Amino acid sequence: MQPEPLQTSANPLGTAPIGKLLPKFAIPSVIAFLVSSLYNIVDQIFIGQGVGLLGNAATNVAFPFNNISTAIALLMSIGTAANFNLNLGAGHKDRAREVAGTGLVVLAFLGVCLGAVAFLFRRPLLLAFGATPDVLPYALTYTRITAFGLPLLTFTTGCSNLIRADGSPTYSMLCTLSGAVLNTMLDPLFIFGFDLGIGGGALATVLGQALSMGMALVYLLRTRLRTVVLTRGDLRPRLHWLGAIFSLGMASFFNQLAMVAVQIVMNNTLTYYGALSQYGQDIPLACVGVVTKVNMLIMGFTIGISQGCQPIFSFNYGARNYPRVKEAYRKAVTAATLICSIAFVCFQLFPRQIIGIFGTGSNAYFHFAERYFRIFLFMTFANAFQPISTNFFTSIGKAKRGILISLTRQVLFLIPLVLIFPLFMGIDGVMYAGPISDAAAVAVAITMVLREMRRMPEQGAPIPGTGGVDGS
């Protein structure tokens, strides 16, 4: 598919109605995030059906590698896209080119480094991630193959955000969609047809990621970006832009790393307290993996809407068109909250049906999974505020505030509560830590955004040479 034609008279980010502009950018972004989530969910379903409980647990303990990959991709791509659009909004196309070139080169380098670390040190890392003796062999097999896909996943995720910022949200979506479709087709063939087990699921994932990266490269090589002409000379790192990229990408980066830290703490806590409970250590480990993947699918709507707003926030803030920034935030939060509320109802009413999609299990397995769904995800209806607020501050150049919001739920609240509550409540303490952390994080996000909205009309032009980045 060819990239969307660029309007040359006036950038629609600054002129088109927000009610039409937001779906144009958000819907492809949502689909891209949902499809990205399907990589892991499809594997979880087929591996659960073909391998069983230990296979599901193995994909769970290997999942931090994917989160680290996403963290690196968001660090570079969100920072690159925000600086790219801020400079375009301010009329600095030469700076926008340099930002894009710097981001792409460093993104590729970091992806290769991650893949090498995952392959060479997979055994000690998987043990640190919470693998039990029964789960470890499956996790090693899975990671030995998926390590080769981590550079592909990192580069594709990063490029998708830049392609979206360049004004081609549909093509950005198709990059991810193509790989997910191929992965879904190959999973049953490799796992059941060729009897490759968990290794077949891993191989299908890597081949899908290779197709997605190929489509991203086609866009870059054929168009060299639409809003600016990206030359070979632009494809070299510039330290001053690397600092600006890191500044605006740190919020999303820390948020993803916090998710890795939470998952590691959760896995080890559930394993320890599960062994002391009626469930044993493997049932909680498998259940939390399934619940996390399902929740990630729902959060894909919110994160997708958030990422779709990024070009709108950045361009209009760079152009000092503050009413459009406020309108975009309000409409994004409203849409995401509606979706999260529907998910809340499903989690409360149909947890057993949802968990049953991922394979069979004992009565204890389903009992734990149902309680985990209902308690840990009780605040799902309010989970739109934190990711959208994080991206809002990042997009307008308020890096430190974005980082603070990104860390509230995972690091400041959830990890301490996951460690403290089980001392008094056993394994149930892990479940109740979730909704309390969510409520506290939402309160912080709303307070900070309302304060920023009141200040916004009095703020001046972006700082020259930074694309609006003030780091505050």
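So Phe246 ticks every box in (1) under 30 Å from Arg451 (Cβ atoms); (2) in contact (Cβ under 8 Å) with a residue 60 or more places away in the chain; (3) surrounded by 24 or more Cβ atoms within 10 Å (Cβ to Cβ) but one. Which box is left unticked? For Phe246, the exception is condition (3). The set of residues in the range 142-181 being open to solvent by 30 Å² or more (accessible area, probe 1.4 Å), polar (S, T, N, Q) and out of contact with any Pro (no Cβ under 6 Å at 6 or more places or on another chain) consists of Thr157 alone.
Within the range 398-429, restricting attention to residues that are over 19 Å from Asn383 (Cα atoms) and among the aromatic types (Phe, Trp, Tyr), which residue is surrounded by the fewest Cβ atoms within 10 Å (Cβ to Cβ)?
Checking each candidate, the answer is Phe424.
With respect to the conditions (1) in contact with a Ser or Thr (Cβ under 6 Å, 6 or more places away or on another chain); (2) open to solvent by less than 10 Å² (accessible area, probe 1.4 Å), Val61 falls short on a single one, namely (1). Residue pairs whose Cβ atoms lie under 7 Å apart, sitting 6 or more positions apart in sequence or on different chains, and linking a residue in the range 46-59 that is farther than 17 Å from Thr146 by Cα and in a helix (DSSP H, G or I) to a partner that is at pLDDT 80 or above and of a type in the set (Gly, Ala, Ser), are Gly48/Gly55; Gly50/Gly197; Leu53/Ala286.
Within the option set Phe109, Phe119, being part of a helix (DSSP H, G or I) and either crowded, with 24+ Cβ neighbours inside 10 Å or in contact with a helix residue (DSSP H, G or I) (Cβ under 7 Å, 6 or more places away or on another chain) (or both) holds for one residue only, Phe119. Restricting attention to the range 357-381, which residues are assigned to a helix (DSSP H, G or I) and either of a type in the set (S, T, N, Q) or open to solvent by 10 Å² or more (accessible area, probe 1.4 Å) (or both)? Answer for the range 357-381, where residues must be assigned to a helix (DSSP H, G or I) and either of a type in the set (S, T, N, Q) or open to solvent by 10 Å² or more (accessible area, probe 1.4 Å) (or both): Asn363, Ala364, Phe366, His367, Glu370, Arg371, Arg374, Ile375, Phe376, Thr380, Phe381. For the structure I just gave you, tell me whether Arg238 is in contact with an Asp or Glu (Cβ under 6 Å, 6 or more places away or on another chain), over 25 Å from Gln410 (Cβ atoms) and surrounded by fewer than 22 Cβ atoms within 10 Å (Cβ to Cβ). Yes: the conditions hold for Arg238.
Where helices (runs of 4 or more DSSP H) fall wholly inside the range 142-229, the ranges with 2 or more residues that are touching a helix residue (DSSP H, G or I) at 6+ places or on another chain (Cβ under 6 Å), closer than 16 Å to Ala100 by Cβ and of a type in the set (A, V, I, L, M, F, W, C) are 150-165.
The values are calculated or read from the model by the stated rules, or taken from the named source; none is laboratory data. The shown structure was predicted, so the numbers you read here are calculated from the model rather than taken from an experiment. Cβ coordinates were reconstructed from backbone atoms using ideal geometry, including for glycine residues, and neighbour counts include every protein chain displayed. Note: areas computed on protein heavy atoms with side chains; ligands, DNA, RNA excluded. Shrake-Rupley method; radii C 1.70, N 1.55, O 1.52, S 1.80 Å.
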